[in-house]
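Some notes on the structure that comes next.
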Number of protein chains: 4
Amino acid sequence: MNDVNVYRLPMASPDDVSELAKLIDNGVIDPKDICAIKAQTEGDGYSRGYSSLSFELMLSEKMGISRAEVAARIPMLMIGLTGGLMSPHYTVFTRKEVEAAESGVKRFSVGVKQTRVLLPEEYGTAIQVKLVAEAVKEAMADAGIDDIADVHCVSIKCPNLTAARLADATSRGKKCVSTNFAEAGSKAKGACALGVALALGEIQESDVTDEAICSNWNLYSNFATTSAGNEQVACKVLLMGNSAKSVSQYHIGSGVMKDTLDLAGAKAAFKSAGLKFDEVIPQGEAQRVATVFINAGADAMGSIRGRRTTMKSDYLAAYQGIFAKAVINAIVGAMIGDTMILASAGFEHQGPLGANLVAAIVKAEG
Amino acid sequence: MNDVNVYRLPMASPDDVSELAKLIDNGVIDPKDICAIKAQTEGDGYSRGYSSLSFELMLSEKMGISRAEVAARIPMLMIGLTGGLMSPHYTVFTRKEVEAAESGVKRFSVGVKQTRVLLPEEYGTAIQVKLVAEAVKEAMADAGIDDIADVHCVSIKCPNLTAARLADATSRGKKCVSTNFAEAGSKAKGACALGVALALGEIQESDVTDEAICSNWNLYSNFATTSAGNEQVACKVLLMGNSAKSVSQYHIGSGVMKDTLDLAGAKAAFKSAGLKFDEVIPQGEAQRVATVFINAGADAMGSIRGRRTTMKSDYLAAYQGIFAKAVINAIVGAMIGDTMILASAGFEHQGPLGANLVAAIVKAEG
Amino acid sequence: MNDVNVYRLPMASPDDVSELAKLIDNGVIDPKDICAIKAQTEGDGYSRGYSSLSFELMLSEKMGISRAEVAARIPMLMIGLTGGLMSPHYTVFTRKEVEAAESGVKRFSVGVKQTRVLLPEEYGTAIQVKLVAEAVKEAMADAGIDDIADVHCVSIKCPNLTAARLADATSRGKKCVSTNFAEAGSKAKGACALGVALALGEIQESDVTDEAICSNWNLYSNFATTSAGNEQVACKVLLMGNSAKSVSQYHIGSGVMKDTLDLAGAKAAFKSAGLKFDEVIPQGEAQRVATVFINAGADAMGSIRGRRTTMKSDYLAAYQGIFAKAVINAIVGAMIGDTMILASAGFEHQGPLGANLVAAIVKAEG
Amino acid sequence: MNDVNVYRLPMASPDDVSELAKLIDNGVIDPKDICAIKAQTEGDGYSRGYSSLSFELMLSEKMGISRAEVAARIPMLMIGLTGGLMSPHYTVFTRKEVEAAESGVKRFSVGVKQTRVLLPEEYGTAIQVKLVAEAVKEAMADAGIDDIADVHCVSIKCPNLTAARLADATSRGKKCVSTNFAEAGSKAKGACALGVALALGEIQESDVTDEAICSNWNLYSNFATTSAGNEQVACKVLLMGNSAKSVSQYHIGSGVMKDTLDLAGAKAAFKSAGLKFDEVIPQGEAQRVATVFINAGADAMGSIRGRRTTMKSDYLAAYQGIFAKAVINAIVGAMIGDTMILASAGFEHQGPLGANLVAAIVKAEG
């Protein structure tokens, strides 16, 4: 049986890994048990790398292994760029084998896998979709989850196209999905999301074509949240769900907010995770929330419920992803009285256009 | 008796005054009845002037008077800079005398006044506080409101210190509150808010000193929302409340959100305005909302409920006022399913530090 | 014969048209002679409209005609977004018939024309290229210029694709060049530039295909500077050159800076315009400069002379056009000791990629 | 005798220290000889820390010492925030003792010193000025420079006031210069600059008062460039000049540009450094430039030579320091055909208001 734990810890700056260091020093966390870290880092895009380096460095010292070994062992999913009431923090997942009998109750579990290294010309294609789908299936097995209905959040980090990679593909006579890196990145993220959808039965194998990626928005996963990084070479999958093989104290649930004002969708997520409430989450229940992961989608639209917004037109339009994250963080944060919850932005097949995907991990009762 | 009406109209761009023009052309609005316009304009600060000019131009043509006469007659309170789900729009207030008997029921009313022209050296001083307090009292009378408890929102636009005004004061041997225009502007806005507080009995005359302005944060008004503009020379007061002398179909209420997550404060505002609900506002009730004015305060703080935010530290910190408005717009907008509500930012004595002041105008029942 | 004058005037804000008003009131400028205004406006994109409206309003009052008539009569080319040492200002061109004999000397002249109204599906296509080329030819005739070698700067404002226009085209079963407005805008600007190139013999008719636009960067004009606006419906051409039929006191010249560090290209422009200097422009000669128009191209590249820049990668990358303008304004401004010169950004077939096109208007000697 | 070397190396990202690693691996640089690193990092403020950490990490591995030892040994002056044509890079200074006789020729030399740890209440005060002045004197000695006329650039990094430091001072009953961190930081940087001015005889001891700091702008150093960081506890001085005790191949010179258009000031700097040219720097001479350090001052002013700029008023005004650096980088870069030169911003007593301080290091002839 697996004992899976969840530690949400604040960071004072992108390189502040002191809270985790303390828990290791105190013996609360055995670094060998850490199976993934997912962080909401402030600052610009480089802060993600700064944060990763800081974790690798600290863990390599605590674990007595090289930084490269840390990096190979522990997937780090860094979500950059904060705004509004978003509070920089990270969530550490630990997992260890324990002796216990199955109780028939499903509890929180995580699975971690990665695809083989992808070729630049495969980024954003049906090949990537299928490789991701396989990795998701393997991550389910790793998490001890048999039923796709028990999967609630699949977080993926995939490689971005870069000038060097484009040159490499070109030199081998291959064509990449786009010579525009932003567009190529969008397609790579979309391919990951469709990979999740395929693995979880939300779309069919026949839906998966190169053309459908970032074009047929009727295809999507309600559980995928994907991002791309120049430093990645393969797709790293962090899958979260509930498993009969877990004795974790936590339980995960999820829900879809059809648009950013759809409070009912967020409430459904908290109820799915096990919170007990009617319309308003009482403080006692809110305190059971270990963390929340939201995939924000407001930046896909220039209006909401018939009202025009300036997200796509204003002089701050370049930061619309940050605004999309800030507003959903505020809305869901207000619901539980805590804005130290994670929001990432990404509309590419991650839920229907304009939707927000909410996954909540809560302490189980009793 | 006064019949006061409220028209909330969308704008496609800062110069789009077409919706009001249509209502005038249709005979729905007689432009002579317009007593104030309060707008949420997109774009940068210049859009406020662009919008004002567009209104003046259209109204001067419809009314057959000069633009200067329009400007002198109709206060225009332009709140610039939008983000997130904020939807550019404006609210037109009309007022006309009608024959009717007092019913004993208080209904929505507006009062409009302005102080005398201020000297630059008076900006941000106790003198401004007292002049504003007098104008607020007069605006109450203008609105037909006797009881300060019936006042729910006082919107003020005051002059900003400029290089030319500073030079003028200096040439006359006078000292302004600051040679830093941002600081001087803050103090001018703070003085306006304290003027409201003084008029409404929220502070005492003895509290009003030059030193207290933007320094003693225990002094504040829960009803003031103030802004400053280079184009202003006096303080323009738009006061909203309920009056026994009004036969408006509308009613106004207000509430204080102690911090940006304090949903109870926002609900209190809607209940105070007359909405009937327990925890969640049903769609039918939400449709009674004519408009909402929020004075946002999140940008006064670098944390919320113990969680650090990046509002004051990040590379987008210059836009923290926009983020403060975007998050409160999202939270309150989600409550009523509509983000075409106005948010202004201003922490200077406009509620306790970090609070949001919410005023809602709703259609009265029956 | 034409007498053409050039007035470069500062603006204190986007709506500040007071300097032109003064020259009209003083009798220096007869508003009937104004044939074009080209402005460098500060603020965001809306300031361009604000500025245009302010000019229209003032001129309609001075000229006793409607604003629509002003707009139809005087093309206004507003270049928005300033930064660095750029100084907001505008240049007014006047032209009037005078009795005089041809002297054999060519002097500064302007020609103004516009194409027919374009259909949205024609934006960014070979059809636009050809319509622009015709209008350029007509503008040459209007300017009294026979020889294409006498043309030094062709400034064009064309329509942008908007949601409404795309919908219109779609409703008629037509396809626009892109559903991405930024891409469509780029192609429209590119088509204008190729239209200039075609008219001036810089490319051949056979080069003009839909596919070549914003794709074959070997095709370009060294004299075109183009921009697009949502408010335009046709392409407005303002052509500047030297004509034997002009008795202007001014003379225009131009040069190409191959990259932003190519000082020799800028010097060639000043020499072509008639300044006398060897390496450094003496103050006396610099004072002969009436104005400078630069089409900046640095934002087309992520490096310069082998040095990587952060123009395309940094958190301010959304503003790279402003940085491109700010740096060329500084470099050329330093050469003449004055940064109140105009810079627009636009790489689409406006010179070779990464080049800056410099046109200088100077007072003729003697 | 000292042999001092200068290596200017490009970085592909804030953590890219590969070029230095290569030179160490090749044996070109012995890491024990590195006496300082000064970098121009892209990205936001956190990139400075990211870069420092990356250097410390790499050097600790190459040198077999701890990161803390690297940090204690090698001052790293990271200048963050790039724009325009600025090219991220770093300059490595090495110094080693060599057997040689004095030749009578002065060559490039560096001196490195730091003050004692400062108390938060000392930041931005006359005490800091005096401590810095002493450290500058010691750094001169360290560089083997006797004559203050041989000093050309003094780069200082000092501590910033932080919430924790303010709390510490307050808890001990001490008052800091400001509770506004931006203002406190300005004063700390100003105090450093005045410390340089005092050491170099540019001001008198009697000029040094708490009140003068960031208030009496007639006091300044033409050689100081200062910055502040939250991570610093003492003031680190990197002094550059020419010394009879150096056998370096390089020579340093400097000049003051009275304003950003003052090309003569920049030329004077290059001539002072030893370049031979009349008005234009020939390519062969430009190639002798090892690097250039500029302290930009354009952001201190809202106008230049009577022309209003939008530096202080526009929606990008928060980034005016970046624009100030971008424009001076462009102007001086154009002069030598290379924009991989360093620009920092800082107006506080670093030259007269609005001036730019230019220091150039060039390869000596023969």
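The values are calculated or read from the model by the stated rules, or taken from the named source; none is laboratory data. The structure displayed is predicted, hence computed values, not measured ones. Reconstructed Cβ throughout: ideal geometry from the backbone, glycine too, with neighbour counts over all protein chains shown. SASA here: full protein model, heavy atoms, side chains in, ligands and nucleic acids out. Shrake-Rupley method; radii C 1.70, N 1.55, O 1.52, S 1.80 Å.
Would you pick out the residues in the range B:324-356 that are open to solvent by less than 20 Å² (accessible area, probe 1.4 Å) and assigned to a loop (DSSP other than H, G, I, E, B)?
Selection gives B:Thr339, B:Met340, B:Ile341, B:Gly346, B:Glu348, B:His349, B:Gly351, B:Gly354, B:Ala355.
Run down B:Ser155, B:Ser221, B:Ser178 and say which single residue is more than 13 Å from B:Gln350 (Cβ to Cβ), open to solvent by less than 70 Å² (accessible area, probe 1.4 Å) and of a type in the set (Ser, Thr, Tyr).
Exactly one residue qualifies, and that residue is B:Ser178.
Residues in the range D:327-366 that are touching a Leu at 6+ places or on another chain (Cβ under 7 Å), under 25 Å from D:Ser303 (Cβ atoms) and in contact (Cβ under 8 Å) with a residue 12 or more places away in the chain: how many?
8
What is the residue count in the range B:324-366 for residues that are polar (S, T, N, Q) and more than 10 Å from chain A (Cβ to nearest Cβ)?
3
So, in the range C:152-167, exactly how many residues are among the β-branched types (Val, Ile, Thr) and over 22 Å from C:Ala296 (Cβ atoms)?
Result for the range C:152-167: 1.
So B:Ile34 clears everything in (1) under 21 Å from B:Met340 (Cβ atoms); (2) without any contact (Cβ under 8 Å) to a residue 40 or more places away in the chain except one condition, right? Which one?
(2)
Tell me which residues, restricted to the range D:52-66, are within 11 Å of another protein chain (Cβ to nearest Cβ) and buried (at least 17 other Cβ atoms within 10 Å of the Cβ).
Those that are within 11 Å of another protein chain (Cβ to nearest Cβ) and buried (at least 17 other Cβ atoms within 10 Å of the Cβ): D:Ser52, D:Leu53, D:Ser54, D:Glu56, D:Leu57, D:Ser60.
Using the structure shown, decide if A:Met311 is in the same structural domain as A:Val358 (by TED's automatic domain parsing) and closer than 23 Å to C:Gln320 by Cβ.
So A:Met311 passes the test.
Any idea which residue in the range B:14-46 is surrounded by the most Cβ atoms within 10 Å (Cβ to Cβ), counting only those that are modelled with pLDDT of 95 or more and among the hydroxyl-bearing types (Ser, Thr, Tyr)?
The qualifying residue surrounded by the most Cβ atoms within 10 Å (Cβ to Cβ) is B:Thr41.
One line per residue, one yes/no per condition, for (1) open to solvent by 10 Å² or more (accessible area, probe 1.4 Å); (2) part of a loop (DSSP other than H, G, I, E, B); (3) in the same structural domain as B:Asp30 (by TED's automatic domain parsing):
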position: B:Val70; (1), (2), (3): no, no, yes
position: B:Leu77; (1), (2), (3): no, no, yes
position: B:Leu81; (1), (2), (3): yes, yes, yes
position: B:Gly84; (1), (2), (3): no, yes, yes
position: B:Thr91; (1), (2), (3): no, no, yes
position: B:Glu102; (1), (2), (3): yes, yes, no
position: B:Lys113; (1), (2), (3): yes, no, no
position: B:Leu118; (1), (2), (3): no, yes, no
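With (1) under 24 Å from C:Val289 (Cα atoms); (2) in a helix (DSSP H, G or I); (3) touching a residue at least 40 places away in the same chain (Cβ under 8 Å) as the list, and C:Leu238 as the residue in question, which single condition is left unmet?
Unmet for C:Leu238, out of (1) under 24 Å from C:Val289 (Cα atoms); (2) in a helix (DSSP H, G or I); (3) touching a residue at least 40 places away in the same chain (Cβ under 8 Å): (2).
Return the residues of the range B:254-311 that are surrounded by fewer than 18 Cβ atoms within 10 Å (Cβ to Cβ) and assigned to a strand (DSSP E or B); say none if nothing qualifies.
Hit for the range B:254-311 is B:Ser303, nothing else.
Regarding the range A:25-35, can at least one residue be identified that is within 30 Å of B:Lys312 (Cα to Cα), of a type outside the set (Ser, Thr, Tyr) and in contact with a strand residue (DSSP E or B) (Cβ under 9 Å, 6 or more places away or on another chain)?
no
Using beta carbons and a limit of 7 Å, which pairs, at least six apart or on different chains, have the first residue in the range B:261-283 and touching a residue at least 24 places away in the same chain (Cβ under 8 Å) and within 11 Å of chain A (Cβ to nearest Cβ) and the second one in a helix (DSSP H, G or I) and not small (Gly, Ala, Ser)?
B:Ala266/B:Val332; B:Ala266/B:Met335; B:Ile281/B:Phe270; B:Ile281/B:Met335; B:Ile281/B:Ile336
Identify all residues within the range D:7-47 that are at the interface with chain A (Cβ under 10 Å from one of its Cβ atoms) and either in contact with a Cys (Cβ under 6 Å, 6 or more places away or on another chain) or not in a loop (DSSP other than H, G, I, E, B) (or both); write none if there are none.
Hits for the range D:7-47 are D:Tyr46, D:Ser47.
Please verify whether A:Gly321 is within 14 Å of chain C (Cβ to nearest Cβ) and either in contact with a Cys (Cβ under 6 Å, 6 or more places away or on another chain) or open to solvent by 10 Å² or more (accessible area, probe 1.4 Å) (or both), treating the condition exactly as stated.
For A:Gly321, the condition - within 14 Å of chain C (Cβ to nearest Cβ) and either in contact with a Cys (Cβ under 6 Å, 6 or more places away or on another chain) or open to solvent by 10 Å² or more (accessible area, probe 1.4 Å) (or both) - is met.
Specify which of the listed residues (C:Gly173, C:Gly190) is at pLDDT 95 or above and open to solvent by 60 Å² or more (accessible area, probe 1.4 Å).
Matching residue, one of C:Gly173, C:Gly190: C:Gly173.
Looking only at the range D:241-253, how many residues end up being assigned to a loop (DSSP other than H, G, I, E, B) and of a type outside the set (Val, Ile, Thr)?
Of the residues in the range D:241-253, 4 are assigned to a loop (DSSP other than H, G, I, E, B) and of a type outside the set (Val, Ile, Thr).
What is the number of the single condition among (1) under 17 Å from the mean Cα position of the chain (by Cα); (2) closer than 23 Å to A:Ile37 by Cβ; (3) not acidic (Asp, Glu) that A:Gly351 does not meet?
A:Gly351 satisfies every listed condition except (2).
Which residue out of B:Ile127, B:Ile156 is β-branched (Val, Ile, Thr), more than 24 Å from B:Ile29 (Cβ to Cβ) and part of a strand (DSSP E or B)?
Just one listed residue meets the conditions, B:Ile156.
Failed condition for D:Gly173, given (1) closer than 20 Å to D:Ile145 by Cα; (2) without any contact (Cβ under 8 Å) to a residue 12 or more places away in the chain, with all others met?
Only one criterion is unmet by D:Gly173, namely (1).
Can you work out which of the residues in the range B:120-132 that are buried (at least 24 other Cβ atoms within 10 Å of the Cβ) and hydrophobic (A, V, I, L, M, F, W, C) is nearest to B:Ile34 (Cα to Cα)?
B:Val132
Does C:Gly297 count as under 15 Å from the mean Cα position of the chain (by Cα) and not acidic (Asp, Glu)?
yes
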